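The next block holds one structure in the form of structure tokens; read it before the comments.
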Amino acid sequence: MITRRDLIRAGAAVTALGFDLTPAIAAARELKIARTTQTNSVCPYCAVGCSVVIHTLGDKSRNVQPAVVHIEGDPDSPINRGTLCSKGISLKEFIVNDRRLTTPLHRAPGAAEWKPIPWDDAINKIARHIKDTRDRSFVEKDDQGRTVNRLPGIAMIGGCTDTNEINYLLSKFRFGLGILSYENQSRL
Ligand code: SF4
């Protein structure tokens, strides 16, 4: 049986004989991503915010389910210049995963189980909780009678994949409500 080490030795021998294996390696790589659509995105795992290129197979027809076949570092990114750490390089398993959550889960007060609910129900529940909490905890004036219009009952967090545009909208949203407590993973 040919082992992995045998193959490495054979490759080294071919190189030693003067053959350039670069085109063969490049061709093998191109086969994997030859017919894919490329989408630029950001690794969600840590505050570095490395840029990634997601390769998806599928011709965008209505009856074709697109499939992510490869994810790599974006060589055009000034942040990671094409590299990814061991977590980032495993991103495909994060997307193509039977255990990935694709619908909101809700645990009713006192219940032990989380249950899937439709997106519309989740959005309505969130809106209801925000309104009720704001009604309960909004502070219009401080102890000295100064207008503060702040909402200490709600805090917000953001993630490293939030773009400038998302953060702009989140700021509008939280300042509109009076939310002061805000933390973001990236601090970019
Ligand atoms: S690839 Fe690694 S270093 Fe880069 S954002 Fe993802 S987890 Fe962080």
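Coordinate-derived values only; no laboratory data. Values in this document were obtained by computation on a predicted structure and should not be read as measured data. Cβ atoms come from the backbone with ideal geometry, glycine included; neighbour counts cover every protein chain shown.
Could you give me the radius of gyration and the Dmax of the chain, taking only the C-alpha atoms into account and expressing both in angstrom?
Both quantities, over Cα of the chain: 24.8, 86 Å.
Given 80, 102, 159, which one lies farthest toward the positive end of the charge dipole of the chain, if we put +1 on the Cβ of every Lys and Arg and -1 on the Cβ of every Asp and Glu?
Most positive-ward Cα: 102.
Pairing the Cα long axis of helix 22-33 with the longest principal axis of the chain, what angle in degrees results, from 0 to 90 and rounded to the nearest 10?
Helix 22-33 sits at roughly 40 degrees to that axis.
Could you sort 80-89, 95-104 so that the peptide with the highest average Cβ count within 10 Å comes first and the rest follow in order?
Peptide ranking by packing, descending: 80-89, 95-104.
Going Cα to Cα from residue 115, which lysines come in below 19 Å? Please leave out same-chain ones fewer than 8 positions away.
Correct list for residue 115: 125.
Once you charge only the Cβ atoms, +1 for Lys and Arg and -1 for Asp and Glu, what is the size of the charge dipole of the chain about its Cα centre, to the nearest 20 debye?
260
For residue 184, list long-range residues whose amide hydrogen, built 1.01 Å from N in the peptide plane, is under 5 Å from its own amide hydrogen.
Long-range HN contacts for residue 184: 158.
Where the only charges are on Cβ atoms (+1 Lys, Arg; -1 Asp, Glu), what is the dipole of segment 35-99 about its Cα centre, to the nearest 20 debye?
120
May I ask for the net charge around residue 53, where only other residues with Cβ less than 10 Å from the Cβ of residue 53 are counted and Lys, Arg are +1 while Asp, Glu are -1?
Charge balance near residue 53 sits at -3.
Under 26 Å from the Cα of residue 92, which lysines turn up, not counting those fewer than eight places away in the same chain?
Within reach: 32, 60.
Tell me which aspartates and glutamates have Cα within less than 13 Å of residue 87's Cα, excluding those fewer than 8 residues away on the same chain?
Within the straight-line limit of under 13 Å, residue 87 reaches these aspartates and glutamates: 72.
What residue among 76, 142, 20 shows peak mean-square fluctuation when the chain is described by a Gaussian network model with Cα springs under 10 Å?
Residue with maximal mean-square fluctuation among 76, 142, 20: 20.
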